[in-house]
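**Student:** I have a structure here, written as structure tokens, and I will follow up with some questions on it.
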Amino acid sequence: MLFHAKNGNVQVDGTDMNYVSFGKGDNVLVMLPGLGDGLKTVKGMALPLAMTYKAYAKDHTVFVFSRKNEIPGSYSTRDMAADQAKAMKKLGIANANVLGVSQGGMIAQYLAIDHPELVKKLVLAVTLAKQNEIIHESISNWISMAVHGDYKSLMVDTAEKSYSEKYLKRHRYLIPLLGHIGKPKDFKRFLIQADSCLHHNAYAELDKILCPTFIIGGACDKIVGNTASLELADGIENSECFIYNGLGHAAYEEAVDFDQRVLRFLLQ
């Protein structure tokens, strides 16, 4: 398959975890996606993800992981990091570069804190160290929409809060269509993961992250706020931070140089 893309799963504590892999580089890159994983896992997405992140395929063997398929009712970002460590060890992944986006960045923080031997370099994109009013309002509203089964409103609100006004002006007519694509059978998985975001708080332990860390944020982030990246940078000593002016939570999608910035950091 193109880019050596493969779908896979790994057993973790009586259930399994979906992942995709692609690329053939000597370096290993583990990618942890955001809260959207609560609506749709990476199962069967090997080729689309390989195409999306093909920039990394030359120098890295890339693994994109979902959370495990059967998750308990109370499942913290720290629990998710513990399961991620188990999955990596089972697959023989050690000392990998780790890129966490949004909720994936929360999990990545605890992966670096609790399992430092697994993380060579860390990239934290559009994420935060602890709850603030902005994320509380956003995710509480999404939880309410999910409880009422209002998938369309959930997808529209997520898009409106994630993308820049410039992007929305060009594509807003397409956004309502998101409410008709990919609706899950139920919202249990999403609700559990959303709740974990509301309770994430690694701030007091950021000084335990010792690996080189690159923090990327958006100056107009309406989901985690525009100071969350700076807060992370203040807490992680061996870190550098870059903020995209004019972009928000979807900076990792909108910024044309995002992948190249990450690669420069990982390969330097």
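No value in this document is a laboratory result; all are computed from the given coordinates. If you're wondering where the values come from, they're calculated on a predicted model, not measured in any experiment. Please note: Cβ atoms are built from the backbone with ideal geometry, for glycine as well, and neighbour counts cover all protein chains shown.
**Student:** So who's got an amide H within less than 5 Å of the one on V30, skipping anything under 5 residues away but keeping other chains? H placed 1.01 Å off N, in plane.
**Tutor:** F63, N97, V98, L99
**Student:** Where does segment 192-268 land on the Kirkwood hydrodynamic radius, alpha-carbon pairs, in angstrom?
**Tutor:** Roughly 13.5 Å, rounded to one decimal.
**Student:** Give me the distance between the Cα centres of segment 160-231 and segment 16-92, rounded to whole Å.
**Tutor:** Rounded to whole Å, the Cα centres lie 17 Å apart.
**Student:** While we're here: Rank by packing, highest mean first: peptides 97-103, 23-29, 229-235, with packing defined as the count of other Cβ atoms within 10 Å averaged across residues.
**Tutor:** For the peptides 97-103, 23-29, 229-235, the packing ranking is 97-103, 229-235, 23-29.
**Student:** On full extension of the chain, what length is gained from D259 through R170, given 0.36 nm per residue of separation minus the C-alpha to C-alpha distance?
**Tutor:** 29.8 nm
**Student:** Taking the Cα-to-Cβ direction at L178 and at L47 and moving 7 Å from each Cα, how far apart do the two end points lie in nm?
**Tutor:** 2.6
**Student:** Give the Cα extents of the chain along the principal axes, in whole Å, largest first.
**Tutor:** 42, 39, 36
**Student:** Right, something else. Pick from R172, R67, R78: which residue has the top mean-square fluctuation in a GNM of the chain where Cα pairs under 10 Å get a spring?
**Tutor:** R172
**Student:** Taking the Cα centre of the chain as the origin, how large is its charge dipole in debye, to the nearest 20, when only Lys and Arg (+1) and Asp and Glu (-1) carry charge on their Cβ atoms?
**Tutor:** Here the chain has a charge dipole of around 960 debye.
**Student:** Per-residue counts of other Cβ atoms within 10 Å, averaged by peptide: what ranking do you get for 180-187, 142-149, 125-132, highest first?
**Tutor:** Ranking, from highest mean packing down: 125-132, 142-149, 180-187.
**Student:** Let me have the relative contact order for segment 20-60, percent, based on Cα pairs under 8 Å that are six or more residues apart.
**Tutor:** 74
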